[in-house]
1. Take the conditions among the aromatic types (Phe, Trp, Tyr), under 19 Å from the mean Cα position of the chain (by Cα), part of a helix (DSSP H, G or I) and more than 29 Å from Gly63 (Cα to Cα) and apply them to Phe162. Does it pass?
2. Restricting attention to the stretch 133-147, which residues are part of a helix (DSSP H, G or I) and either more than 15 Å from the chain's Cα centre (by Cα) or free of Cβ contacts under 8 Å to residues at least 60 places away in the same chain (or both)?
3. Pairs please, first residue from the stretch 86-112 and over 16 Å from Leu183 (Cα atoms), second anywhere and surrounded by fewer than 20 Cβ atoms within 10 Å (Cβ to Cβ) and of a type in the set (Val, Ile, Thr), Cβ atoms under 9 Å, 6+ apart in sequence or on different chains.
4. Within the stretch 124-131, is there a residue that is loosely packed, with under 15 Cβ neighbours inside 10 Å, closer than 17 Å to Arg89 by Cα and among the charged types (D, E, K, R)?
5. Could you tell me which of the residues Gly44, Gly30 is in contact with a His (Cβ under 6 Å, 6 or more places away or on another chain) and farther than 30 Å from Phe194 by Cβ?
6. Please report, ordered by residue number, the helices (runs of 4 or more DSSP H) entirely within the stretch 35-116 with at least 3 residues that are buried (at least 17 other Cβ atoms within 10 Å of the Cβ) and of a type in the set (Val, Ile, Thr).
7. Can you name the condition, by its number, that Ser108 falls short on among (1) out of contact with any Leu (no Cβ under 7 Å at 6 or more places or on another chain); (2) hydroxyl-bearing (Ser, Thr, Tyr); (3) farther than 14 Å from Gly171 by Cβ?
Amino acid sequence: MKRVKNSKSQKAEKREAVFGVAADVFAQYGVRRTAMNDIAQAAGISRPALYLMVENKEDLFSGVVSFRMNQGIDKAISTLSGSGSIAERITAAILAFEKIFYEPVAESPHGAELMDMSISIAADLMKKGQSRLEKVLSQALEEAISNGEVDFSDLPMKPLAFVGLLMSSIGGLKKHATSMTALRRQISEVVGIFFKSIGGASKK
């Protein structure tokens, strides 16, 4: 049984390694200009071996989106367990997620193409990932409510809706941000504004 588990683990690790390499290649050259052979060479595997992992380039790209999304959410989860107020931890968690999932795309010279491809090919994956992230953040809020750190009694919404509105606001910021530095600052500011409404703003 252990051998089966180990072999499955090694197979998953190989796929993740390929997805990580593919993400970098797509960011550097764009999806349309990247051939499957380019990915195979960069990953140090044969083209036939790559096709044993994925059906085609669209399937590979979907795998990359899912991999980066889950990688970002896992980082957000570990960040939430750190020290600081709930507002500070949620700010840090969102920034950690965006650094892994969004920033490499936004900073790519092919960012617009990558976003278009994500929407057309992996929209469902992105939606599921966003829902998972929002659920994780809302659970942290629920704990803060239980601890008396924040108060939702005067707010006509529950934590999950609160987080959904917050993430929608951040999505709007992305459309107008002039730089990643400016976006990070604006995300921190928006989280602070939201948390003032529930008495959980950071005191600095």
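1. So Phe162 fits the description; yes.
2. The answer is Glu134, Lys135, Ser138, Gln139, Ala140, Leu141, Glu142, Glu143, Ala144, Ile145, Ser146.
3. Final answer for the pair search is Arg89/Thr79.
4. Looking through the stretch 124-131, none of the residues is loosely packed, with under 15 Cβ neighbours inside 10 Å, closer than 17 Å to Arg89 by Cα and among the charged types (D, E, K, R).
5. Result of the check over Gly44, Gly30: Gly30.
6. In the stretch 35-116, the matching helices (runs of 4 or more DSSP H) lie at 57-80, 86-101.
7. Result: Ser108 passes all but (1).
Yes/no matrix, rows are residues, columns are (1) more than 15 Å from Glu98 (Cα to Cα); (2) in contact (Cβ under 8 Å) with a residue 40 or more places away in the chain; (3) basic (Lys, Arg); (4) surrounded by 12 or more Cβ atoms within 10 Å (Cβ to Cβ):
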position: Glu149; (1), (2), (3), (4): yes, yes, no, yes
position: Pro156; (1), (2), (3), (4): yes, no, no, no
position: Lys175; (1), (2), (3), (4): no, no, yes, no
position: Met180; (1), (2), (3), (4): no, yes, no, yes
position: Ile187; (1), (2), (3), (4): no, yes, no, yes
position: Val191; (1), (2), (3), (4): no, yes, no, yes
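Coordinate-derived values only; no laboratory data. Since the structure is predicted, the reported quantities are computational estimates derived from the model, not experimental observations. Methodologically, a virtual Cβ is constructed for each residue, glycine included, from the backbone with ideal geometry; neighbour enumeration extends over all protein chains shown.
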